[in-house]
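To keep things clear, I will list the structure first and then write my remarks on it.
Taken together, the values in this text are just the output of simple stated rules run on the coordinates, not laboratory data. This structure is a prediction, so every number in the text was calculated from the model and none was measured. Here Cβ is always computed from backbone atoms with ideal geometry, including for glycine, and neighbour counts include all displayed protein chains.
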């Protein structure tokens, strides 16, 4: 199997893990058990770091596409991909900023 397809399949799996654990973390933040929230937080961070690594490999494989976007603008290129790239960038920045926050239910966590 080509490397690009392996990276794409890994990306699909870890994005689902990251999303599900993020929603579960949000729900656990409304509960009374800090241990449950902490376990989901650890799982979410681990899954999201794997997602970040997969994205780095994905962008490296598709670097030509991004170079054309930077050089020529969006044009006929996929606007959905550009929007998803921006959303991922914002989620990554806010997620990294959350490392400086202690505890559940922070306003930044809700933005993330």
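Ranked by the mean number of other Cβ atoms within 10 Å of their residues, highest first, the peptides 25-33, 43-51, 64-72 fall in the order 43-51, 25-33, 64-72. Rounded to the nearest 10 degrees, what's the angle between the helix 63-72 long axis and the longest principal axis of the chain, both from Cα atoms, 0 to 90? Roughly 70 degrees between the two axes. Report, in degrees rounded to the nearest 10, the 0 to 90 angle that the Cα long axis of helix 3-29 makes with the longest principal axis of the chain. Result, in degrees: 30. Subtracting the Cα-Cα distance of residue 71 and residue 46 from 0.36 nm times their residue separation leaves 5.5 nm of extension gain. Which angle from 0 to 90°, rounded to the nearest 10, does the C-alpha axis of helix 79-97 make with the longest principal axis of the chain? That helix lies at roughly 40 degrees to the long axis.
Relative contact order for the range 3-111: what is it in percent, counting Cα pairs under 8 Å that are at least 6 residues apart?
Details: 55 pairs, mean separation 31.4, N = 109.
That works out to 29 percent.
Would you calculate a helix-derived [θ] at 222 nm for the chain, using -39,500 (n - 2.57) for each DSSP H run of n ≥ 4 and dividing by the full residue count, to the nearest 500? Mean residue ellipticity at 222 nm (helix-derived): -27000 deg cm²/dmol. Calculated on the alpha-carbon coordinates, the convex hull of the range 1-98 measures out at 105 cubic angstrom per residue.
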